[in-house]
Amino acid sequence: MIPFRLTFQPGIPVHEQVTFAAKKAMIAGQLRTGDAFPSVRALSRAMKINPNTAHKVIAELTQEGLLEVRPGIGTIVARPRACTRAERSRLLGAEVEQLTVEAKKLGLTLGDLQEAVAQHWRRLERAKDEEAP
């Protein structure tokens with residue numbers, strides 16, 4: 001069973017959508033450190049995606065340090081790695097820039113953008129709290 005769902009959006013590469021859904025599941029607590037992550041075959045079958053696409057998702061999450069391959073066990077959700085504030089800012093740089101450009105394109109104010117981010121933040125926190133044992 002895959003611990004996240006996804007409605008595919010046209011115009012966005014499938015592997016990016018699945019990767020984002022997996023990251024969101026990790027942040028929301030649906031996938032916790034040490035949990036098994038689906039194999040390429042299981043992910044491919046459950047999400048109805050090409051096995052090469054499933055492999056790309058797992059490879060990207062592994063490269064980002066979110067998954068860990070354990071011989072004889074399989075792929076598991078990795079322990080979050082410690083990083084400095086500067087590293088976190090650098091990692092988010094492109095996404096923040098893209099979000100800012102899209103918000104300005106839509107005519108949002110800085111306050112509108114901050115409130116939208118805050119709402120999503122709270123939604124993820126609530127989902128995480130609901131998943132906690």
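Some observations on this one:
- Any chance A103 is under 20 Å from M26 (Cα atoms), assigned to a helix (DSSP H, G or I) and open to solvent by less than 70 Å² (accessible area, probe 1.4 Å): no
- Test set (1) part of a helix (DSSP H, G or I); (2) of a type outside the set (S, T, Y); (3) without any contact (Cβ under 8 Å) to a residue 60 or more places away in the chain - K24 fails condition number: (3)
- Residues that are in contact (Cβ under 8 Å) with a residue 12 or more places away in the chain and either acidic (D, E) or closer than 18 Å to F20 by Cβ (or both) within region 76-108 comprise V77, A78, P80, L99, listed in sequence order.
Listed here are the residues, each with its yes/no results for (1) touching an Asp or Glu at 6+ places or on another chain (Cβ under 8 Å); (2) closer than 22 Å to E130 by Cα; (3) modelled with pLDDT of 95 or more.
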| residue | (1), (2), (3) |
| --- | --- |
| G11 | no, no, no |
| V14 | no, no, yes |
| I27 | no, yes, no |
| L31 | no, yes, no |
| T53 | no, no, yes |
| K56 | no, no, yes |
| I73 | no, no, no |
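- Filter result (within 8 Å of the chain's Cα centre (by Cα) and open to solvent by 80 Å² or more (accessible area, probe 1.4 Å)) within region 7-27: F20, K24, I27
- Among (1) more than 13 Å from the chain's Cα centre (by Cα); (2) open to solvent by 70 Å² or more (accessible area, probe 1.4 Å); (3) among the polar types (S, T, N, Q), the one test that Q30 misses: (1)
- Selection of region 1-21 for residues being β-branched (V, I, T), in a loop (DSSP other than H, G, I, E, B) and without any contact (Cβ under 8 Å) to a residue 40 or more places away in the chain yields T7, I12.
- Of all residues in region 35-68, those satisfying the criterion of being over 16 Å from the mean Cα position of the chain (by Cα) and either of a type in the set (D, E, K, R) or not in a helix (DSSP H, G or I) (or both) are S39, R41, R45, K48, I49, N50.
- Top-ranked residue in region 33-61 [being closer than 17 Å to A78 by Cβ and hydroxyl-bearing (S, T, Y); ranked as surrounded by the most Cβ atoms within 10 Å (Cβ to Cβ)]: S39
- Residue within region 122-129 that is of a type in the set (D, E, K, R), touching a residue at least 12 places away in the same chain (Cβ under 8 Å) and surrounded by 11 or more Cβ atoms within 10 Å (Cβ to Cβ) present: yes
- Single residue of region 62-100 satisfying the filter (among the polar types (S, T, N, Q) and within 14 Å of F37 (Cα to Cα)) that is surrounded by the fewest Cβ atoms within 10 Å (Cβ to Cβ): T62
The values are calculated or read from the model by the stated rules, or taken from the named source; none is laboratory data. Note that the structure is a prediction, hence the values are computed from the model and not measured. Positions of Cβ are backbone-derived with ideal geometry, glycine not excepted, and every protein chain shown enters the neighbour counts. Note: areas computed on protein heavy atoms with side chains; ligands, DNA, RNA excluded. Shrake-Rupley method; radii C 1.70, N 1.55, O 1.52, S 1.80 Å.
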